[in-house]
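Report on the following structure.
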Amino acid sequence: QVQLVESGGGLVQPGGSLRLSCTASGSIHSINSMAWYRQAPGKQRELVADISSSGSTNYTDSVKGRFTISKDNAKNAVYLQMNSLKPEDMAVYYCNTKGLEPDGEELRYFERWGQGALVTVSS
């Protein structure tokens, strides 16, 4: 079973920075994409940024120029560098990974979510 473990959340003042990390472990054949989502209280979960197997990235408009998603293929890890944080960035951040895992002699699609990392932006 593929599992994701997140780290790096915490309290930061407006204008500050945080870096989230997420590592996938288990029997993984390949990863198609890795992404970060967030969910603020009373709001739906939204995509923040994603990165494909080729390295192409996509960001929601509200974080463009402030957040950077990156990955380390050797570690099956994805990172989210968050700069110039604003109070409206405060949320629980979840990493998401999609790919293929062995299923006997076959391969099957998987999608996994991390446990969530709370990011609090407050003075």
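With charges set only on the Cβ (+1 for Lys and Arg, -1 for Asp and Glu), what does the dipole of segment 45-96 come to about its Cα centre, in debye to the nearest 20?
Details: 6 positive and 6 negative charges, 25 e Å.
Its charge dipole is roughly 120 debye.
For segment 59-120, report the translational diffusion coefficient in µm²/s to the nearest whole number, using Stokes-Einstein at 20 °C, 1.002 mPa s, and a Kirkwood Rh over Cα pairs. Each step should come with its number before you reach the end.
Details: Rh = 13.9 Å.
Approximately 155 µm²/s, per Stokes-Einstein.
What does the net charge come to around VAL63 if you take all other residues with beta carbon closer than 13 Å to its beta carbon, with K and R at +1 and D and E at -1? All intermediate terms of the calculation are to be shown ahead of the outcome.
Working: positive: ARG38, LYS64, ARG66, LYS86; negative: GLU46, ASP50, ASP61, GLU88, ASP89.
That works out to -1.
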Legend entry - Rounded to the nearest 20 debye, dipole of segment 64-123 from Cβ charges on Lys, Arg, Asp, Glu: 400 debye
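Sorted by accessible area with a 1.4 angstrom probe, largest first, how do ARG19, ARG66 fall? All intermediate terms of the calculation are to be shown ahead of the outcome.
Details: ARG19 120, ARG66 30 Å².
Correct descending sequence by accessible area is ARG19, ARG66.
Let's see if you can work this out: charge +1 on each Lys and Arg Cβ, -1 on each Asp and Glu Cβ, no other charges. What is the dipole magnitude of the chain about its Cα centre, in debye to the nearest 20?
Numbers: 12 positive and 12 negative charges, 89 e Å.
Its charge dipole is roughly 420 debye.
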Inset, instruction - Sum up the lysine pairs in segment 14-123 that clear both bars: alpha-carbon distance under 22 Å and a spacing of 8 or more or different chains. - result: 5
Inset, instruction - Take the chain, connect every pair of alpha-carbon atoms lying under 10 Å apart with a spring to form a Gaussian network, then pick out the residue of LYS71, LYS43, LYS86 with the largest mean-square fluctuation. - result: LYS43
Inset, instruction - Report Rg (one decimal) and Dmax (nearest whole number) for segment 8-112, counting Cα atoms only, units Å. - result: 14.7, 51
Inset, instruction - For the chain, with a Gaussian network of springs between Cα atoms less than 10 Å apart, report the residue from THR60, THR68, THR23 with the top mean-square fluctuation. - result: THR60
Inset, instruction - Out of all DSSP beta bridges with both ends in the chain, state the antiparallel percent to the nearest 5. - result: 95 percent
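Quick one: net charge around ILE28, please, counting Lys, Arg +1 and Asp, Glu -1 for every other residue with C-beta under 15 Å from its C-beta. Show your work: numbers first, answer last.
Working: positive: LYS71, LYS75, LYS98, ARG108, ARG112; negative: ASP72, GLU101, ASP103, GLU106, GLU111.
Around ILE28, the charge tally is 0.
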Inset, instruction - Quote the relative contact order of the chain in percent (integer), defining contacts as alpha-carbon pairs under 8 Å separated by 6+ residues. - result: 36 percent
Inset, instruction - Determine, for each peptide in 100-108, 47-55, the mean count of other beta carbons within 10 angstrom over its residues, then list the peptides with the highest first. - result: 47-55, 100-108
Inset, instruction - Return the sequence-ordered ³J(HN,Hα) values of segment 57-68 in whole Hz as given by the Karplus equation 6.51 cos²θ - 1.76 cosθ + 1.60 applied to θ = phi - 60°, using x for Gly and Pro. - result: 10, 8, 10, 6, 4, 5, 10, 4, x, 10, 10, 9
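Looking at segment 28-83, I'd like the Rg to Rh ratio, where Rg is from alpha-carbon atoms and Rh is Kirkwood's inverse mean 1/r. Write out the running numbers ahead of the final one.
Numbers: Rg = 12.0 Å, Rh = 12.0 Å.
That ratio is 1.00, to two decimals.
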Inset, instruction - Please turn the phi angles of segment 32-47 into ³J(HN,Hα) values with the Karplus equation 6.51 cos²θ - 1.76 cosθ + 1.60 (θ = phi - 60°), one per residue in order, whole Hz, x for glycine and proline. - result: 8, 7, 9, 8, 10, 10, 9, 9, 8, x, x, 10, 6, 5, 10, 6
Inset, instruction - Using a Gaussian network model of the chain whose springs link C-alpha atoms within less than 10 Å, name the residue from ALA91, ALA24, ALA40 with the highest mean-square fluctuation. - result: ALA40
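The values are calculated or read from the model by the stated rules, or taken from the named source; none is laboratory data. Keep in mind that this is a model prediction, so the values were computed, not measured. Every residue, glycine as well, gets a Cβ built from its backbone with ideal geometry; the counts of neighbours run over all protein chains shown. These accessible areas exclude ligands, DNA and RNA; they are computed on the full protein's heavy atoms, side chains included. Shrake-Rupley method; radii C 1.70, N 1.55, O 1.52, S 1.80 Å.
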